[in-house]
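The values are calculated or read from the model by the stated rules, or taken from the named source; none is laboratory data. Quick caveat, the model's predicted, so the values are computed rather than measured. Please note: Cβ atoms are built from the backbone with ideal geometry, for glycine as well, and neighbour counts cover all protein chains shown.
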Amino acid sequence: MSWYAYLSILKDQQQTFNYYASIPPWACPKCGEPLTPAPASAENTIFCKYDGWEYPRDYIRPMGGVS
């Protein structure tokens with residue numbers, strides 16, 4: 001395996017990480033319950049009705065990935 005093969009693996013992993021990091025969560029990271037769409041007054045907001053966690057307000061983007 002050459003260094004260019006390793007480089008292509010790293011680039012592919014970075015693209016995969018960026019893709020999954022850009023998808024909004026579908027479950028609450030605190031309790032695991034499915035997130036519910038917020039009322040019509042708050043567009044693009046989903047929240048957990050059990051502990052009040054809200055996306056995007058409480059969301060912290062993952063900091064992993066390949067440099």
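The table below gives the values:
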{"read-out": "Where a residue in the stretch 46-67 is under 25 Å from residue 15 (Cβ atoms) and modelled with pLDDT of 90 or more and its partner, wherever it lies, is among the hydroxyl-bearing types (Ser, Thr, Tyr) and surrounded by 10 or more Cβ atoms within 10 Å (Cβ to Cβ), with Cβ under 7 Å and at least six apart", "value": "55/45"}
{"read-out": "Any hit, the stretch 53-60, residues being of a type in the set (D, E, K, R) and part of a strand (DSSP E or B)", "value": "yes"}
{"read-out": "Search result, residues across the stretch 11-45 that are part of a loop (DSSP other than H, G, I, E, B), free of Cβ contacts under 8 Å to residues at least 24 places away in the same chain, exposed (fewer than 13 other Cβ atoms within 10 Å of the Cβ) and not β-branched (Val, Ile, Thr)", "value": "26, 30, 31, 32, 39, 40, 41, 42, 43, 44"}
